[in-house]
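Rule-based calculations on the coordinates, nothing more; no lab input. Just so you know, these numbers come straight off a predicted model, no measurement behind them. Don't worry about glycine lacking a Cβ; one is built from the backbone with ideal geometry, like all the others, and counts go over all protein chains shown.
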Amino acid sequence: MSMFERAKRKRNLQEGYPQDKGLKNGHCNRSGCLAPLEGRPHWWMRDHETFTDERLYYCEACATRFIAYDKQVGAPVRCTLVEDQE
């Protein structure tokens, strides 16, 4: 387990979220969603908040919303489908 993952799990628990929020095969990183990701398509976005550029994972529904917003405002698309689904 990476330092980022350990720190993310600790922070999630402190904030009252599932410890695997935003982690691969965990729960969607969007606090208003938290859909389980295991066995489903994962989409990722860079974590710019911690300046680590680690990946945070989202469900397809949330990724679709982010992509639509990015396109609407003319920003670079932030979400990328994980190609190597395990």
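Here are some notes:
- Volume per residue for the range 3-81 equals 89 cubic angstrom (convex hull of Cα atoms).
- Label positions at residue 82 and residue 69, each projected 7 Å from the Cα along the C-beta direction, are separated by 2.1 nm.
- Residue-averaged 222 nm ellipticity for the chain, from DSSP H runs of 4+ at -39500 (n - 2.57), nearest 500: -9500 deg cm²/dmol
- Share antiparallel - DSSP beta bridges, the range 3-81, percent rounded to 5: 90 percent
- Each peptide among 9-18, 56-65, 75-84 gets the average number of other Cβ atoms lying within 10 Å of its residues, and from highest to lowest they stand as 56-65, 9-18, 75-84.
- With the simple model of a label 7 Å out from the Cα in the direction of the Cβ, residue 3 to residue 47 spans 1.3 nm.
- Assigned charges on the beta-carbon of Lys, Arg, Asp, Glu; the chain dipole about Cα centre (debye): 260 debye
- Angle between the chain longest axis and helix 60-73 axis [Cα atoms, degrees, rounded to 10]: 50 degrees
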